[in-house]
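Here's the structure we're looking at; comments come further down.
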Amino acid sequence: MTKYGSFPGARPRRLRTTPAMRRMVAEHRLHPADLILPAFVREGISEPVPISAMPGVVQHTRDTLRKAAVEAAEAGVAGIMLFGVPEDAKKDAAGTAGTDPDGILQVAIRDVRDEVGDDLVIMSDLCLDEYTDHGHCGVLDADGRVDNDATLERYAEMAQVQADAGVHVVGPSGMMDGQVGVTRDALDQTGHEDVSILAYTAKYSSAFYGPFREAVGSSLQGDRKTYQQDPANLRESLRELALDLEEGADMVMVKPALPYLDVLAKIADEVDVPVAAYQISGEYAMVEAAAEKGWIDRDKAILETLTGIKRAGANMILTYWATEVARGL
């Protein structure tokens, strides 16, 4: 053996030598069409209200929501997920504002549909937590626990009014047993067979939701551990996945994204339907806060997190940076 025999023949670094080389051999690429913009619209305001824990994100007025939808469509973003924030006085135990055809979310759906038509996939949060005075995702029984089956009846009503308003996709997010099946039946029985369902298949009881509760003006009392998933469990997500697919889910989602990349990867390996992941408020807030302190490079960190989510198997990513990133791409 010559003195050169000790050097490696296989050199992976050859494929990292220049930006052009790295770009050519990249295994995963972000595209604007991968991205979905979550947006909040608040009733009774004349100017957007900044969300203190989410710098750059606001509770929109109806007019500024229209503008945000147009900007997202022009940037090539695939969709927009709408969350309604009613006036506190309209909250009640049954969340009736959520099924009012003139409730803030239904009005916002019509606004956005009028503004962008089919140029943006319009999605809506199908859940009661924004509209209940107790802040839970369903109606409560006499013991103060969320009543699963009574809540399903409310979800069926929500599905119909959101579809009537012109939504393309509903996202039942309350983690009630049977929510996808009830939603599918409600849509089909009211002439909305073409409205798709994005199932919140694996929605974990996470510490990272904190800023979101400010964003939707949550009135939550207690926690959601009896219906959202335990962060310790993975097999449970696969059971939820099987049930959602059996009940008619068109797409499935993991929420949050970054702390649950293993769950996302496992689900992506299991299914032949599109898989989404939601990069939630706490994930957004961490990057923004660290960047503001000068501890990380904001733009690079954003792209790295999104690339990691896509690498784990997401076809679609809900992210508050959607429009900004799409413009950069």
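The values are calculated or read from the model by the stated rules, or taken from the named source; none is laboratory data. Owing to the predicted nature of the structure, the values given are computational and were not obtained by experimental measurement. When we count neighbours, we look across all protein chains shown, and the Cβ atoms used for this are built from the backbone with ideal geometry, even at glycine. We work out accessible area using only protein heavy atoms, side chains counted, and drop any ligands, DNA or RNA first. Shrake-Rupley method; radii C 1.70, N 1.55, O 1.52, S 1.80 Å.
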For the stretch 274-284, what are the residues that are crowded, with 17+ Cβ neighbours inside 10 Å and either within 13 Å of Met316 (Cα to Cα) or not hydrophobic (A, V, I, L, M, F, W, C) (or both)? Val275, Ala276, Ala277, Tyr278, Gln279, Ser281, Gly282, Glu283, Tyr284
Residues (in contact (Cβ under 8 Å) with a residue 24 or more places away in the chain and open to solvent by 30 Å² or more (accessible area, probe 1.4 Å)) located in the stretch 31-56: His31, Ala33, Arg42, Glu43, Gly44, Ser52, Ala53, Pro55, Gly56
Just to be sure before I move on: is Leu140 under 17 Å from the mean Cα position of the chain (by Cα) and touching a residue at least 24 places away in the same chain (Cβ under 8 Å) in the structure I sent? no
Quick one: in the stretch 164-192, of everything that is in contact with a Leu (Cβ under 7 Å, 6 or more places away or on another chain) and of a type in the set (Ser, Thr, Tyr), which residue is farthest from Arg224 (Cα to Cα)? Thr183
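I need the full set of residues from the stretch 122-151 which are in a strand (DSSP E or B) and either open to solvent by less than 10 Å² (accessible area, probe 1.4 Å) or closer than 22 Å to Met253 by Cα (or both), in order please. Even if it seems obvious, please write down each step before you answer.
Pass one, the stretch 122-151, residues in a strand (DSSP E or B): 122-126, 132, 140, 146.
Correct list: Ile122, Met123, Ser124, Asp125, Leu126, Thr132.
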Here is a list: Tyr260, Tyr278, Tyr284. Which entry is over 18 Å from Thr323 (Cα atoms) and out of contact with any Ser or Thr (no Cβ under 7 Å at 6 or more places or on another chain)? Tyr260
Residue pairs, Cβ under 8 Å, 6 or more apart or interchain, first in the stretch 179-194 and within 17 Å of Glu246 (Cα to Cα) and of a type in the set (A, V, I, L, M), second part of a loop (DSSP other than H, G, I, E, B) and modelled with pLDDT of 95 or more. List them. Val180/Gly248; Val180/Ala249; Leu187/Glu193; Leu187/Val195
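Let's see how each residue does on (1) closer than 12 Å to Ala202 by Cβ; (2) touching a strand residue (DSSP E or B) at 6+ places or on another chain (Cβ under 9 Å):
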{"position": "Leu241", "(1), (2)": "yes, yes"}
{"position": "Asp244", "(1), (2)": "yes, yes"}
{"position": "Ala257", "(1), (2)": "yes, yes"}
{"position": "Asp269", "(1), (2)": "no, no"}
{"position": "Val275", "(1), (2)": "yes, yes"}
{"position": "Ala291", "(1), (2)": "no, no"}
{"position": "Gly313", "(1), (2)": "no, yes"}
{"position": "Met316", "(1), (2)": "no, yes"}
{"position": "Val325", "(1), (2)": "no, yes"}
How many residues of the stretch 211-260 are under 23 Å from Gly135 (Cβ atoms) and either modelled with pLDDT under 95 or of a type in the set (Phe, Trp, Tyr) (or both)? The answer is 21
Go through (1) more than 27 Å from Trp321 (Cβ to Cβ); (2) at pLDDT 95 or above; (3) of a type in the set (Gly, Ala, Ser) for Ala78 and report which single condition fails. (1)
Out of (1) in contact (Cβ under 8 Å) with a residue 60 or more places away in the chain; (2) under 20 Å from Leu187 (Cβ atoms); (3) surrounded by 19 or more Cβ atoms within 10 Å (Cβ to Cβ), the odd one out for Asp164 is which? (3)
Quick check on my filter: what residues within the stretch 81-121 are among the hydroxyl-bearing types (Ser, Thr, Tyr) and in a loop (DSSP other than H, G, I, E, B)? Thr99
Qualifying positions in the stretch 184-210 - at pLDDT below 95, open to solvent by less than 50 Å² (accessible area, probe 1.4 Å), outside any strand (DSSP E or B) and not small (Gly, Ala, Ser): Tyr209
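Among the residues of the stretch 253-266, what is the count of those that are touching a helix residue (DSSP H, G or I) at 6+ places or on another chain (Cβ under 6 Å) and crowded, with 21+ Cβ neighbours inside 10 Å?
So the first thing to find is which residues in the stretch 253-266 are touching a helix residue (DSSP H, G or I) at 6+ places or on another chain (Cβ under 6 Å), and the list is 254, 256-258, 263.
Subset that is crowded, with 21+ Cβ neighbours inside 10 Å: 254, 256-257, 263.
Adding up the residues that qualify gives 4.
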Report, by residue number, each residue of the stretch 295-323 that is open to solvent by 60 Å² or more (accessible area, probe 1.4 Å) and free of Cβ contacts under 8 Å to residues at least 40 places away in the same chain. Trp295, Ile296, Asp297, Arg298, Asp299, Lys300, Glu304
Testing Ala69 on (1) surrounded by fewer than 18 Cβ atoms within 10 Å (Cβ to Cβ); (2) touching an Asp or Glu at 6+ places or on another chain (Cβ under 6 Å); (3) part of a helix (DSSP H, G or I), one condition comes back false. Which one is that? (1)
Search the stretch 235-257 for residues that are in a loop (DSSP other than H, G, I, E, B) and pair each with any residue that is small (Gly, Ala, Ser) and open to solvent by 10 Å² or more (accessible area, probe 1.4 Å) when their beta-carbon atoms are under 6 Å apart and the residues are at least 6 apart or on different chains. Asp250/Ser196; Pro256/Ser206
